[in-house]
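K.L.:
Handing you a structure now.
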Amino acid sequence: MPALLLLAACASPSPGMFGAIRDEVTKGGIRFVVYHAGSRAEVVRMGYLTRAERAPVPRLMEEAAAEVTGCRVVSNSMVTQIPGDTGVAWFDLDC
């Protein structure tokens, strides 16, 4: 169990973001890790949230990407591996 908790506290980029710049930011009381390279950002939500707590997460992920990169997030560019997932999302950036 302790090993599982340790892994839950870590974030690593997807293969397409290896070598990207890594930053952390807290938005709405939720910690996010943001990887960014060129015109792409990958945002990883840290910590557990109940289903009811997840509603604002897509907006907060977009805000996290914009704040960390200093770029505008392209409207409707959010992509998740699983539809509706609030754990990891990718965004296109306009820098």
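The values are calculated or read from the model by the stated rules, or taken from the named source; none is laboratory data. If you're wondering where the values come from, they're calculated on a predicted model, not measured in any experiment. Virtual Cβ from ideal backbone geometry, glycine too; neighbours counted across all protein chains shown. In case anyone asks, the SASA skips ligands and DNA or RNA and just uses the protein heavy atoms, side chains included. Shrake-Rupley method; radii C 1.70, N 1.55, O 1.52, S 1.80 Å.
K.L.:
Identify the single condition in (1) more than 11 Å from the chain's Cα centre (by Cα); (2) assigned to a strand (DSSP E or B) that Ala89 does not satisfy, given that it satisfies every other one.
P.N.:
It is condition (1) that Ala89 fails.
K.L.:
Another one. Tell me which residues, restricted to region 31-56, are of a type in the set (A, V, I, L, M, F, W, C) and either within 14 Å of Phe91 (Cα to Cα) or not in a helix (DSSP H, G or I) (or both).
P.N.:
Phe32, Val33, Val34, Ala37, Ala41, Val43, Val44, Met46, Leu49, Ala55
K.L.:
What residue, among those in region 30-39 that are within 19 Å of Glu63 (Cβ to Cβ) and without any contact (Cβ under 8 Å) to a residue 40 or more places away in the chain, is surrounded by the fewest Cβ atoms within 10 Å (Cβ to Cβ)?
P.N.:
Within region 30-39, the match that is surrounded by the fewest Cβ atoms within 10 Å (Cβ to Cβ) is Arg31.
K.L.:
When you scan region 16-29, how many residues do you find that are open to solvent by 20 Å² or more (accessible area, probe 1.4 Å), on the phi < 0 side of the Ramachandran plot and modelled with pLDDT of 95 or more?
P.N.:
5
K.L.:
Could you grab the pairs with beta carbons closer than 9 Å, sequence gap of 6+ or different chains, first residue in region 47-60 and among the basic types (Lys, Arg), second one assigned to a loop (DSSP other than H, G, I, E, B)?
P.N.:
So the pair list comes out as Arg54/Gly84; Arg54/Thr86; Arg59/Gly28.
K.L.:
Just to be sure I understand, how many residues within region 40-49 are within 19 Å of Pro13 (Cβ to Cβ) and either among the aliphatic types (A, V, I, L, M) or open to solvent by less than 20 Å² (accessible area, probe 1.4 Å) (or both)?
P.N.:
5
K.L.:
Please go through region 50-95 and pick out each residue that is over 18 Å from Val33 (Cβ atoms) and open to solvent by less than 30 Å² (accessible area, probe 1.4 Å).
P.N.:
Ser77
K.L.:
Let me ask something else about it. Regarding region 57-76, can at least one residue be identified that is over 9 Å from the mean Cα position of the chain (by Cα) and part of a strand (DSSP E or B)?
P.N.:
Checking region 57-76: at least one residue is over 9 Å from the mean Cα position of the chain (by Cα) and part of a strand (DSSP E or B).
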